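First the structure, in the form of structure tokens, and then the observations on it.
Readers should treat all values here as calculations from the given coordinates under stated rules, not as data from a laboratory. Given the structure is predicted, the values throughout are model-derived calculations rather than measurements. Ideal geometry is used to build each Cβ from the backbone, glycine not excepted, and the neighbour counts take in all protein chains shown.
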């Protein structure tokens with residue numbers, strides 16, 4: 001049987017070949033947008049001060065890990081003890097000269113995290129409800145996420161207290 005339109009058949013075969021080549025080559029890559037520059041507000045600290053602030057944040061995480069590990073066992077004494085270790089008493093571990101360099105909003109958020117740990121410790125002892133503790137952790141993590149979304153730490157030199 002002869003095709004009625006030989007040019008149509010040739011065009012169809014050509015189009016199918018081009019489609020096959022295009023599929024084999026994979027999707028076309030559009031240029032990737034450049035990542036935006038970090039727009040978070042800088043906290044300019046000396047390297048040693050930066051280390052202290054980051055160490056405090058790592059301590060927050062370590063205590064949260066201890067609490068999370070204790071929750072399935074409903075070990076409210078361990079939860080209270082761990083939370084208390086990063087409560088308001090631990091807020092004074094950063095020297096006043098460093099605290100003076102931090103914006104008030106940062107200090108409020110950090111203080112709120114310490115206060116949250118105090119409340120977790122108190123409620124763990126008095127209420128003994130792991131579900132309540134989980135909700136408190138969720139509220140505290142909102143403060144952590146807000147702070148990390150707003151600020152970045154930069155190292156500066158020749159800084160004087162309060163500048």
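Brief remarks follow.
- Label sites at residue 145 and residue 93, each approximated as a point 7 angstrom past Cα along Cα to Cβ, lie 2.5 nm apart.
- Peptides 77-90, 104-117 ranked from most to least packed give 77-90, 104-117, packing being the mean of other C-beta atoms within 10 angstrom over each peptide's residues.
- The distance from the alpha carbon centre of the stretch 40-81 to that of the stretch 105-122 is 11 Å, rounded to a whole number.
- Share of pairwise Cα separations in the stretch 41-155, more than 17 Å, in percent: 53
- Quotient of Cα Rg and 2.2 N^0.38 Å for the stretch 88-163, N being how many residues it contains: 1.34
- With all projection directions averaged, the alpha carbon convex hull of the stretch 49-117 covers 4.4 nm².
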